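Participant: The following block contains the structure, expressed as structure tokens.
The values are calculated or read from the model by the stated rules, or taken from the named source; none is laboratory data. Predicted model only: the values in this text are computed from it and were never measured. Backbone-built Cβ (ideal geometry, glycine too); neighbour counts: all protein chains shown.
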Amino acid sequence: MNLTLRKLFPVMAFVVLAHNFSVIQMGQAASWVTNSPMTTARYSHTATLLPNGKVLVAGGWNGSYLSSAELFDPNTGKWTPTGSMTTNRCYHTATLLPNGKVLVAGGLHSGVLAAAAELYDPGNGSWTATASMVTPRADFTATLLPDGKVLVAGGSGSNGPLASAELYDPGSRSWTATGDMVTPPRQSHTATLLPDGKVLVAGGFATEPPVLAAELYDPGSGTR
């Protein structure tokens with residue numbers, strides 16, 4: 001390559017990249033389109049992507065506590081009712097388990113903090129009760145761990161925000177307490193599974209102002 005071409009090559013490359021970027025931006029412009037509405041208006045519910053590509057929406061509130069559930073089919077854009085939960089609730093969690101079932105736990109049930117948990121079977125659209133959590137709670141997090149267990153942490157308890165955490169074992173269908181969070185008790189926080197298998201918990205609410213603290217849960221030791 002001669003000197004002239006060497007000088008021109010970076011400019012040409014930039015022009016090509018800029019053109020391609022422009023094409024990508026134009027071709028992938030974000031947009032929203034209306035879709036068919038749910039069969040039941042609701043908020044503070046859960047939405048879980050199932051292995052078959054459908055989305056399970058469960059519970060919530062619309063002036064009363066809901067036990068109803070429905071499925072969204074992305075192939076048709078339609079919603080259809082499915083089996084109702086055994087417990088009406090909002091501010092609960094829903095976690096897809098490795099076996100394809102969905103674990104729903106806790107929340108507010110008829111105005112009372114719930115410990116009850118149940119499993120949804122996409123195969124027949126039914127719900128069955130499973131063991132209740134150790135501690136009733138709402139507005140908490142539930143995180144599927146690499147070993148298939150579900151870590152539940154924090155939330156709102158009978159005496160305010162919680163620091164406690166517990167594990168659900170799908171094999172034994174039982175809950176066991178695990179290490180408490182360090183600081184402080186919290187609700188409305190986030191919990192994220194990291195590539196190394198640890199769980200990052202951050203933010204939330206305990207008392208004014210909002211929580212700044214973050215901490216890591218180690219499934220190997222059960223500590224934070």
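Participant: Looking only at the range 202-216, decide whether some residue is touching a residue at least 12 places away in the same chain (Cβ under 8 Å) and under 24 Å from Asn99 (Cβ atoms).
Facilitator: no
Participant: For residues that are surrounded by fewer than 16 Cβ atoms within 10 Å (Cβ to Cβ) and outside any strand (DSSP E or B), scanning just the range 212-224, find the one that is modelled with the lowest pLDDT.
Facilitator: Checking each candidate, the answer is Gly222.
Participant: Additional query: I'd like the full set of residues that are assigned to a strand (DSSP E or B) and either in contact with a Phe, Trp or Tyr (Cβ under 6 Å, 6 or more places away or on another chain) or assigned by TED's automatic domain parsing to the domain that holds Gly111 (or both), limited to the range 153-166. I'd like the intermediate steps shown before the answer.
Facilitator: In the first step, residues of the range 153-166 are kept if they are assigned to a strand (DSSP E or B); the result is 153, 156-157, 160-162, 165-166.
If the condition is that a residue be assigned to a strand (DSSP E or B) and either in contact with a Phe, Trp or Tyr (Cβ under 6 Å, 6 or more places away or on another chain) or assigned by TED's automatic domain parsing to the domain that holds Gly111 (or both), then Glu166 is the only one that fits.
Here's the yes/no breakdown for (1) assigned to a loop (DSSP other than H, G, I, E, B); (2) more than 14 Å from the chain's Cα centre (by Cα); (3) assigned by TED's automatic domain parsing to the domain that holds Leu49; (4) of a type in the set (D, E, K, R):
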| site | (1), (2), (3), (4) |
| --- | --- |
| Asn124 | yes, yes, yes, no |
| Thr128 | no, yes, yes, no |
| Gly148 | yes, yes, no, no |
| Leu151 | no, no, no, no |
| Tyr168 | no, yes, no, no |
| Gly171 | yes, yes, no, no |
| Asp180 | yes, yes, no, yes |
| Ala191 | no, no, no, no |
| Asp196 | yes, yes, no, yes |
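Participant: To continue, here is another question. If you take the residues of the range 88-115 that are touching a His at 6+ places or on another chain (Cβ under 7 Å) and in a loop (DSSP other than H, G, I, E, B), which of them is farthest from Leu151 (Cα to Cα)?
Facilitator: Asn88
Participant: Same structure again: What do you reckon, is Gly59 surrounded by fewer than 18 Cβ atoms within 10 Å (Cβ to Cβ), small (Gly, Ala, Ser), in contact (Cβ under 8 Å) with a residue 40 or more places away in the chain and closer than 28 Å to Ser174 by Cβ?
Facilitator: Values: surrounded by fewer than 18 Cβ atoms within 10 Å (Cβ to Cβ): no; small (Gly, Ala, Ser): yes; in contact (Cβ under 8 Å) with a residue 40 or more places away in the chain: yes; closer than 28 Å to Ser174 by Cβ: yes.
Taking the combined requirement at face value, the residue does not satisfy it.
Participant: Mind listing whichever residues of the range 62-87 are loosely packed, with under 14 Cβ neighbours inside 10 Å, assigned to a loop (DSSP other than H, G, I, E, B) and among the polar types (S, T, N, Q)?
Facilitator: Ser64, Asn75, Thr76
Participant: All but one of (1) at pLDDT below 95; (2) in contact with a Gly (Cβ under 9 Å, 6 or more places away or on another chain) hold for Pro209; state the number of the condition that does not hold.
Facilitator: (2)
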